[in-house]
Ligand SMILES: [Zn+2]
Ligand SMILES: [Zn+2]
Ligand SMILES: [Zn+2]
């Protein structure tokens, strides 16, 4: 298909609109239900939020989920929104888990650029969750509160890096 520059621009705009709609849908129907479900279960005494064995160390070193409101803060603990019962992962476990060949995240249909479908040189995009009331975490013995990350939800190629330049910040409990 040959497109004039004007047509190319229009086509790109359509792809970006579609990608933005996909991300909104994922946040509402996949990410938030999974994350809020885990937090709700802990808050109502169902069971603590699952976490990897290193979460305690990160928490003790003050690197747990962030504590300030800085927009540029990088959460060290991240919710796995894709795998049920995985819960919170430290940064090392997150990297390892995401990189698993044939792992659930590698097989995820979204592991391409959300705008154009390219699979080279991808950069992750994730929302954050602002946990406003303390909830218990499995095995950690401390409560989780503050801003925590979420494993990458979608990816952007170099050409579309910054397509979603705002950080989506979800709040829990929801008002
Ligand atoms: Zn996972
Ligand atoms: Zn870990
Ligand atoms: Zn792209």
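Values as computed for the structure displayed
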read-out	value
Residues in the stretch 128-157 reached by a label modelled at residue 40 [backbone nitrogen below 18 Å; 7 Å Cα→Cβ]	129-136
Rounded tilt (10° steps) of 5-26 against the dominant C-alpha axis of the chain	20 degrees
Normalised contact order of the chain, rounded percent, pairs of Cα under 8 Å and 6 or more residues apart	24 percent
Stokes-Einstein translational diffusion, the chain - Kirkwood Rh over all Cα pairs, 1.306 mPa s, 10 °C, in µm²/s	93 µm²/s
For 119, 125, order by how many other beta-carbon atoms lie within 10 Å, fewest first	119, 125
Proxy reagent accessibility, fewest Cβ within 10 Å first, across 47, 16, 34	47, 16, 34
Likely footprinting exposure, 90, 83, fewest C-beta neighbours within 10 Å first	83, 90
Degrees, to the nearest 10: 32-43 long Cα axis against longest axis of the chain	0 degrees
Mean residue ellipticity (222 nm) of the chain, computed from DSSP H runs ≥ 4 via -39,500 (n - 2.57), nearest 500	-9000 deg cm²/dmol
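Quick note: the coordinates plus some simple rules give every number you see, no bench work behind them. Remember, it's a predicted structure, so these values are computed and weren't measured experimentally. In this analysis, Cβ positions are derived from the backbone assuming ideal geometry, glycine residues included, and neighbour counts consider all displayed protein chains.
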